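Report on the structure given below.
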Amino acid sequence: MITTAAPEREHYLNASYGIKSWLLTKDHKRIALLYLATITFFFFLGGAFATLIRIELLTPTGGIVSSETYNKLFTMHGVAMVFFFLIPAIPATLGNFFLPMMIGARDLAFPRLNLLSWYLLVIGGLFALFAMLAGGVDTGWTFYTPYSTTYSNSWVIATALGIFISGFSSILTGLNFIVTIHRMRAPGMTWFRLPLFVWAHYATSLIQVLGTPVIAVTILLLFCERVFHIGIFDPALGGDPVLFQHLFWFYSHPAVYIMVLPAMGVISELISVYSRKPLFGYKFIAFSSVAIAVLSFLVWGHHLFVSGQSLYAGLVFSFLSYFVAIPSAIKVFNWTATLYKGSISYDTPMLYAFGFIGLFTVGGLTGLFVAALGIDVHVTDTYFVIAHFHYIMVGGTIMAYLGGMHYYWPKMTGRMYPEGWAKLSAVVIFLGFNLTFFPQFILGYLGMPRRYHVYPEEFQVLHVLSTAGASVLAVGYLMPMIYFVWSLRYGQLAPANPWGATGLEWKTASPPPVHNFDEPPVMTHEAYDYSTVIQEEIEVG
Amino acid sequence: MGSLPLFPEQASTIAPEVDHLLYFLLAVSVFFTLLIFGAIFYFAIRYRRRSEHELPPVVHGGLALEILWTVIPFGLTMVMFTWGAEVFFKESRPPDDAIQIYAVGKQWMWKLEHLEGQREINELHIPLGRAVRLTMTSEDAIHSFFVPAFRTKQDVVPGRYTTTWFQPTKPGKYHLFCAEYCGNRHSGMIGWVYVMEPQDYQTWLSGGAPEGTLAENGQKLFTQLACVNCHKADNQGRCPTLVGLFGNTVELTGGGKVKADEAYIRESILRPQAKIVKGYEPVMPTFQGLVTEDQVLQLVEYIKSIGPQPGTRAAPGVRTP
């Protein structure tokens, strides 16, 4: 058979070339890739800090770096990971790329604002990076006063301004998503036909828009006290140090849900596609996202149980914290029930989804421990808390992020990733993660305080286990980095819909054309109606 | 390296209570983890995809199940909440007969002061079987007083007093940690709590020759700082008398009332204009920067010592609640 090489189809990657076509692009797909490069940089930076922390903790005597350096390492690990990786991770990459496509839109509602939000993240990131290179910052990512305003001799202001600026990136992304979801849905795309990924991002956007201004104000107040000595938080200047904690957590607790709600959205997609069934309890999953967004603003005081806040405040915040556990439990049960009588395949994204459910379940259940007042007194500010939130933010968010990246890689790049290696990475990450963080639950209950450079000898065995796990985890994270890049050139060409998925984003070519769809799409069926796709596949052959 | 402890020692009355709550939470967690992991494993194998074009039956959900897995977890969390709150109230409320000890945190050490005058650094000696109440403050950043074997932790905040308490049940030597990050040598801000047999504790207390009790030192300061010139014992000075003050309710200019506790006395020394006793002029200068937190504690203890004694009448200007 003789074939002539067809001229290559035009798509968003090859429609224009040159650095300007990227740095001035208004295409949400290209902006998503700009974000992807940025957050990948910060992920490996934060990961490098984590590696040094874990190496340091191999011995109890703190011989490898000084305590000053150690304090800077865990601070910069937290800052890089939380503000410049986890918060933008899923919304700014997968959300940016696929939210418009899922609702059948050509782009986000405000493409220029979208580009601006990327620049804001980069400028904020440069401030933080400058602070790190100039000598680092040692306040912990929580910036507790009066240490951060009066006692720290490090680059507090540069780092805080970096976070301040990147916060506006988050606000603009949220605003853009809300307007897009309200105004740009394709004909037939009713609210209850939206993919649950979109519902999760809608809930996330509400938190971004309503919560982020509070951290901006908090940082400005911190700035005023540190630079102008206006007494706000330091009692020596007439301030109240615990006020800072209230303001900080009023944003930073909801921020946990900025990190994990989009992850839940990704998992909903994956569970449905790879069991080829509509989600069990669609509306319960959709509304539980909104419930989490609302409740997330009412639980900040559970970070302050031993801060000296009133006993009764503790009581109220513990009570409300248990409320927010329920919608998360509802999601886990519904995902599990979706598998029942499904047609379950073990493609890589599904392995990551299983991993997510496992780790998120442990993270969520240990959240019940720290919400219990009597236990939190003992475990707060210990490794128990570290383990708990890493199970949520790393075990949860990063598993979902990687699951989503594998799922959407063919659509984003037009290439398939190598399935064998990818499956291996999912298993290595799951095992490495548990070996890293499970011993930390035990360490924490034993009483090992967090942010300790030097520690009593009896904790060493558990620290060594944790460091061993971290090495496995590091290998696991490097694997996708390598084979994703490899696949750009050597991966198999991806069909439009390699997974038999139902979303509109799969009804266009891989990679998509500049304006996403050649024909304006119309939604003609419920979300996750697999009969339509299977019918087509059978007809096509 | 070598030892692998998995569970902390129980050395206070509250420790077993915290651990019992932990066991309950562990049991619930293990149950749900096994339930979910088991279901996922079973479904994933039982319903694995057998052919490329397989189309499973559509199940949209079931209201009964949704209610079931909302109501049961909610009920369980309410048990956790109530139980946790009960333990927390015990952790937060010292019994009346507790021994009073003061703690001051500063970068990067713990100073502990006994009423009898003994002062310790990074060590705390306490008797077995007696409840101990710690009143604490910080001279700089926030610290946190944490004794894992007692399961107690309380932030130590500059500018205010916080309290914690514990009743040791086992003689021995236990870790004391600073649990709130406080700067460079945070992990060096550690020490030991020694729980001693009561008679050993008495021996320890009488050893050393301290320079007077806390209250006696407070009285000396009270004279040195010239407090005594205005706060006269017979209430004839320009300022209210402090005899019989502690623990009573004070009426303020402008109509408020306040209980004269440690925090009120501390505030009145450092920020005397904050609350003015009814019938007096705001003439007192601030002692902020002139006295250390240790000295404030001595003054507080002195004022406590001249507080109402059983059988005495409250002084004018103060009113028993």
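What follows is calculated from the coordinates using simple rules that are stated; it is not laboratory data. Nothing here was measured: the structure is a model prediction, and the numbers come from that model. Here the Cβ is made from the backbone with ideal geometry for all residues, glycine too, and neighbour counts use every protein chain on show.
Tabulated results
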item: Selection from A:302, A:50, A:514, by position along the positive dipole direction of the protein assembly as shown (Cβ); result: A:514
item: Chain A - charge dipole about Cα centre, Lys and Arg +1 at Cβ, Asp and Glu -1, debye rounded to 20; result: 680 debye
item: Fewest-first sequence of B:156, A:514 by Cβ atoms within 10 Å of each Cβ; result: A:514, B:156
item: Contact order normalised by residue count of the stretch A:29-540, Cα under 8 Å, 6+ apart, percent; result: 17 percent
item: Coarse-grained scattering of chain A at q = 0.07, 0.10, 0.11, 0.13 Å⁻¹, given as base-10 log I(q)/I(0) from a Debye sum over alpha-carbon atoms; result: -0.39, -0.80, -0.97, -1.37
item: For chain B, with +1 on Lys and Arg beta carbons and -1 on Asp and Glu, the positive-most of B:35, B:219, B:174 along the dipole; result: B:35
item: Free-standing Cys, the protein assembly as shown [no other Cys Cβ under 4.7 Å]; result: A:224, B:178, B:182, B:227
item: Label-point separation in nm, residue B:63 to residue A:518, each point 7 Å along Cα→Cβ; result: 4.6 nm
item: Cα-based Rg of chain B normalised by 2.2 N^0.38 Å, two decimals; result: 1.39
item: When each of B:153/B:259; A:277/A:341; B:259/B:304; A:29/A:411; B:232/B:304; B:106/B:275 is checked by Cα-Cα distance, pairs over 18 Å; result: B:153/B:259; B:106/B:275
item: Zone residues, the stretch A:492-515, relative to residue A:419, backbone N less than 11 Å from point 7 Å out along Cα-to-Cβ; result: A:499
item: B:182, B:227, B:239, A:224 arranged by Cβ crowding within 10 Å, fewest neighbours leading; result: A:224, B:239, B:227, B:182
item: Farthest toward positive dipole pole in the protein assembly as shown [+1 Lys/Arg, -1 Asp/Glu at C-beta], among A:19, B:26, A:267; result: A:19
item: Residue exposure sequence - B:280, A:144 - by fewest surrounding Cβ within 10 Å; result: B:280, A:144
item: Contact order relative to length of the stretch B:63-125, as percent, for alpha carbon pairs under 8 angstrom and 6 or more apart; result: 16 percent
item: Label point 7 Å beyond Cα of residue A:311 along Cβ direction - residues of the stretch B:75-95 with amide nitrogen under 16 Å; result: B:82-95
item: Peptide B:72-79 - average C-beta neighbours from other chains (10 Å radius); result: 4
item: Peptide-level mean, for A:460-472, of C-beta atoms on other protein chains within 10 Å; result: 1
item: The stretch B:214-319: proportion of alpha-carbon pairs further apart than 19 angstrom, %; result: 37 percent
item: Centroid-to-centroid separation of the stretch A:321-376 and the stretch B:211-248 [C-alpha atoms, Å]; result: 61 Å
item: Averaged over A:322-334, number of beta-carbon atoms from partner chains that fall within 10 Å; result: 4
